[in-house]
Amino acid sequence: MLVRKDFWSLICRGRKKRIVTLVIVFLFLLNAMFYVSIELYNSVSKRKNKEPWYDSLHFDKNSYVDESGMRVIVGHYVGGSKGGNLSDEVINSNNYAPVPGAGEGGRPVQLSPRELITAHELYSLHSYNILVSDKIAINRSLPDMRGESCKNVVFDLEKLPTATVIIVFHNEAWSTLMRTVMSVINRSDERLLDQIILVDDASERRYLKEELDEAIAKLDRVQILRNPTRTGLVGARLMGAKRATGDVLVFLDAHCEVTIGWLEPLLDRAGSEDVFICPHIDLLSEDTLAYTKSIDAHWGAFSWRLHFRWLIPSSSVIKKKLENPAKPYPTPAMAGGLFAVKKSLFWKLGGYDKGMIIWGAENLELSWRAWQCGARVEITSCSRVGHIFRRHSPYKYPGGVAKVLNSNLARAASVWMDQWADFFYKFNPSVAEIRDKQEIGDRVDLRSQLNCKSFNWYLKNVWPQHFFPTADRWFGRIKNGKTNCIGVTPGTPGLGGPAATVSCGGDLDLDSLLVFTPEGQLMADEGLCLEQGNGRAVWKSCSDSSKQIWIQKGPRLRTSDGLCLTLIDVDESKSEVTVGYPLTAMKCTLDTKQIWHFERVPWR
Ligand code: UDP
Ligand code: MN
């Protein structure tokens, strides 16, 4: 006590003493506040600091970079949050307040540390950054995203068919939806744009009622239809398509921005009445709304579990594309949200399967139907449209995502996939359970009326590089001992990663199953092939590389230069059985680590 008193009396006395104490307390509090805000800022932006923002934002965590440095976008979200504890007022208010210059030219919008915290709290509303969207003008500028060869193409606008642009939405943000509409109005030639139809799929948000009506009423050629009950995107798009007066239907999601010259290449190709033509989909960052080009050549396909995937096209397609970059190229499947099709073709081929609810699988169904029934699905790199890819679906799925998605997948598989539907059901028992509940009689009739080709034809002719089992491909497990199987380690990116053994798992475990082609490729799901790399075997995109050829010689797997696939780094001293041993090709010996047991598994 004495010490303290002496200390104070050394500095000051009486009133002065109190002032100094207050100043010190104030400085301490200021310091503490500063520290807390820095910590909060770091926790919000940690993800960004670790990776370049482009990489961290647009892709599912299952995406991976292949050997040429291209990112292969895989995966789609399932489920999403319900909006947490946000108040009714917050959920239903439109806070569009453009800041001059923000996001112009497609540039990212950065927020202050305080705003980042709010943005984080509001994220679950739309699964993208609503604060950023509300700061960007709904008619912001965007650069010309087309390649030089596309800019040189001249279209005779008088000869092109006209477009009805259909945009369906459920609880979309006001600014994002309006920016989609304004981008279409501002960047489509008047002669080509017949109408824009917005279809509200029974949104609940208050700002999407009169407030939206008023904004739309001021725009020429734009109308809004309201779905009385929520059907999902298929029902809503059909509602719009029925009211279309243009020659070509152009479907867009409600969080897109089209760029200069986007419409002409779509209408030019769609006019020919045998094709579903998709724009090249670029990326609008879900965090900053920055517009970025997506990889140059991609096409759509699907995994064994029928999840949509972006993959690298076959080498012959890439070669043709390089020779003539402005020419549309084929794709086995479309992503779904963005495409154009002649109205007459859309209806001739049966519109959409209206038994499909809410979201999902309708893109595969439409792609298979198009190809198998005499049309094509293509992508044109000359039409560039930005789309916000979200990692989580922000809205509710009645009965749960799995139930909704599985019933849509079952409909698509049962109608179009023939034997491969049995493959899908065998390894997805929860979908198999509901397959008989689907009323698909009219879709099966449609398939026979249209005289459509088989799924086998589709795989052989449209997607010959596919990685599904077939009658002439071996399918099963390749084992060393009882528990070690060649496979892709679950939860790893797979592609480019070193190959190691995985647990052989249960009967229906797809991770340990492989397709072994007559040519000698060992294919896993997701289009991965076992390749001998530098010292280690790795999983790579299936290609025609000779390093992906494995020849079965008795119980051994030989490379083209005579080495044998070997399990390495086995710790012989361990008594318990483990998995996860690396694989490589080595000089052939009598060692059991080169002895593989081929266990065939019926695939259907
Ligand atoms: N959508 C709809 N009703 C629904 C679900 C989705 O109208 O029940 C709309 C949604 O607003 C969007 C489009 O359908 O404009 C595609 O949905 P989403 O963007 O979620 O799919 P993704 O692009 O992620 O595949
Ligand atoms: Mn979308």
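Note on segment 266-301: residues that are closer than 21 Å to residue 362 by Cα, touching a helix residue (DSSP H, G or I) at 6+ places or on another chain (Cβ under 6 Å) and surrounded by fewer than 21 Cβ atoms within 10 Å (Cβ to Cβ) amount to 1. Just one residue in the set 283, 267, 238, 225 is part of a helix (DSSP H, G or I) and either more than 24 Å from the chain's Cα centre (by Cα) or within 16 Å of ligand 2 (Cβ to nearest atom) (or both); that residue is 267. Quick one: would you say residue 462 is of a type in the set (Val, Ile, Thr), under 30 Å from residue 349 (Cβ atoms) and buried (at least 17 other Cβ atoms within 10 Å of the Cβ)? When the stated conditions are applied, residue 462 passes them.
Per-residue answers, yes or no, for (1) among the acidic types (Asp, Glu); (2) in contact (Cβ under 8 Å) with a residue 24 or more places away in the chain:
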site: 179; (1), (2): no, yes
site: 186; (1), (2): no, yes
site: 195; (1), (2): no, yes
site: 209; (1), (2): no, no
site: 212; (1), (2): no, yes
site: 223; (1), (2): no, yes
site: 253; (1), (2): yes, yes
site: 265; (1), (2): no, yes
site: 273; (1), (2): yes, yes
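Flag: residue 193 does not match the condition of being within 16 Å of ligand 1 (Cβ to nearest atom), touching a strand residue (DSSP E or B) at 6+ places or on another chain (Cβ under 8 Å) and open to solvent by less than 20 Å² (accessible area, probe 1.4 Å). Report the residue count in segment 378-399 for those that are touching a helix residue (DSSP H, G or I) at 6+ places or on another chain (Cβ under 6 Å) and either more than 16 Å from ligand 1 (Cβ to nearest atom) or open to solvent by 30 Å² or more (accessible area, probe 1.4 Å) (or both). Of the residues in segment 378-399, 4 are touching a helix residue (DSSP H, G or I) at 6+ places or on another chain (Cβ under 6 Å) and either more than 16 Å from ligand 1 (Cβ to nearest atom) or open to solvent by 30 Å² or more (accessible area, probe 1.4 Å) (or both). Just so you know, in segment 326-349 the residues that are more than 26 Å from residue 402 (Cα to Cα) and assigned to a loop (DSSP other than H, G, I, E, B) include one that is most open to solvent (accessible area, probe 1.4 Å), and it is 327. For segment 256-265, a residue qualifies if it is in contact with a Lys or Arg (Cβ under 7 Å, 6 or more places away or on another chain), open to solvent by less than 30 Å² (accessible area, probe 1.4 Å) and more than 16 Å from ligand 1 (Cβ to nearest atom), and the qualifying residues are 259, 261, 262. In this structure, residue 472 does not qualify as farther than 17 Å from residue 527 by Cβ, open to solvent by 70 Å² or more (accessible area, probe 1.4 Å), more than 24 Å from the chain's Cα centre (by Cα) and without any contact (Cβ under 8 Å) to a residue 24 or more places away in the chain. Put simply, of 327, 348, 354 the only residue that is away from ligand 1 (no atom under 16 Å from the Cβ) and closer than 22 Å to residue 443 by Cα is 348.
I'd like to know if segment 409-428 contains one or more residues that are within 16 Å of ligand 1 (Cβ to nearest atom) and open to solvent by less than 30 Å² (accessible area, probe 1.4 Å). Yes, segment 409-428 contains a residue that is within 16 Å of ligand 1 (Cβ to nearest atom) and open to solvent by less than 30 Å² (accessible area, probe 1.4 Å).
Residues in segment 350-368 that are open to solvent by 20 Å² or more (accessible area, probe 1.4 Å), touching a strand residue (DSSP E or B) at 6+ places or on another chain (Cβ under 9 Å) and over 22 Å from residue 390 (Cα atoms): 0 in all. Only residues that are touching a Phe, Trp or Tyr at 6+ places or on another chain (Cβ under 9 Å), over 16 Å from residue 195 (Cα atoms) and more than 11 Å from ligand 2 (Cβ to nearest atom) were counted in segment 247-260, giving 2. Which of the residues spanning segment 370-413 are touching a Cys at 6+ places or on another chain (Cβ under 9 Å), within 16 Å of ligand 2 (Cβ to nearest atom) and either farther than 30 Å from residue 285 by Cβ or assigned to a loop (DSSP other than H, G, I, E, B) (or both)? Answer for segment 370-413, where residues must be touching a Cys at 6+ places or on another chain (Cβ under 9 Å), within 16 Å of ligand 2 (Cβ to nearest atom) and either farther than 30 Å from residue 285 by Cβ or assigned to a loop (DSSP other than H, G, I, E, B) (or both): just 388. Restricting segment 302-311 to residues that are in contact with a strand residue (DSSP E or B) (Cβ under 8 Å, 6 or more places away or on another chain) and open to solvent by less than 10 Å² (accessible area, probe 1.4 Å) leaves a set whose member that is nearest to residue 247 (Cα to Cα) is 302.
Scanning segment 357-377 for residues that are on the phi < 0 side of the Ramachandran plot and within 15 Å of ligand 1 (Cβ to nearest atom) returns 357, 359, 362, 363, 364, 365, 366, 367.
Select from segment 495-508 the residues that are assigned to a loop (DSSP other than H, G, I, E, B) and touching a helix residue (DSSP H, G or I) at 6+ places or on another chain (Cβ under 6 Å) and write down the one among them that is least open to solvent (accessible area, probe 1.4 Å). Applying the filter and picking the extreme gives 504.
Restricting attention to segment 210-255, the residues that are within 16 Å of ligand 1 (Cβ to nearest atom) and open to solvent by 70 Å² or more (accessible area, probe 1.4 Å) add up to 5. If you go through segment 153-171 one residue at a time, do you hit one that is open to solvent by 20 Å² or more (accessible area, probe 1.4 Å), in contact with a Gly (Cβ under 7 Å, 6 or more places away or on another chain), among the charged types (D, E, K, R) and outside any helix (DSSP H, G or I)? Scanning segment 153-171 turns up no residue that is open to solvent by 20 Å² or more (accessible area, probe 1.4 Å), in contact with a Gly (Cβ under 7 Å, 6 or more places away or on another chain), among the charged types (D, E, K, R) and outside any helix (DSSP H, G or I).
Is it the case that residue 573 is under 21 Å from residue 472 (Cα atoms) and free of Cβ contacts under 8 Å to residues at least 40 places away in the same chain? So residue 573 fails the test. Only one entry in 482, 540 is buried (at least 22 other Cβ atoms within 10 Å of the Cβ), at pLDDT below 95 and of a type in the set (Lys, Arg), namely 540.
Tell me, please, whether a residue that is touching a residue at least 40 places away in the same chain (Cβ under 8 Å) and within 14 Å of ligand 1 (Cβ to nearest atom) can be found in segment 154-166. Checking segment 154-166: at least one residue is touching a residue at least 40 places away in the same chain (Cβ under 8 Å) and within 14 Å of ligand 1 (Cβ to nearest atom). Test residue 175 against the stated conditions and say whether it is within 16 Å of ligand 1 (Cβ to nearest atom) and either among the hydroxyl-bearing types (Ser, Thr, Tyr) or open to solvent by 30 Å² or more (accessible area, probe 1.4 Å) (or both). Yes.
Of the residues making up segment 563-582, those that are open to solvent by less than 90 Å² (accessible area, probe 1.4 Å) and modelled with pLDDT under 95 are 567, 568, 570, 571, 578, 579, 580, 581, 582. State whether one or more residues within segment 554-562 are modelled with pLDDT of 95 or more, more than 19 Å from residue 594 (Cβ to Cβ) and crowded, with 16+ Cβ neighbours inside 10 Å. No, the conditions are met nowhere in segment 554-562.
The values are calculated or read from the model by the stated rules, or taken from the named source; none is laboratory data. All figures in this text were calculated on a predicted structure; none of them were measured in a lab. Using ideal geometry, Cβ is built from the backbone for each residue, glycine included, and neighbour counts are taken over all protein chains shown. For the accessible areas, the whole protein counts, side chains as well, though only heavy atoms, and no ligand, DNA or RNA atoms are used. Shrake-Rupley method; radii C 1.70, N 1.55, O 1.52, S 1.80 Å.
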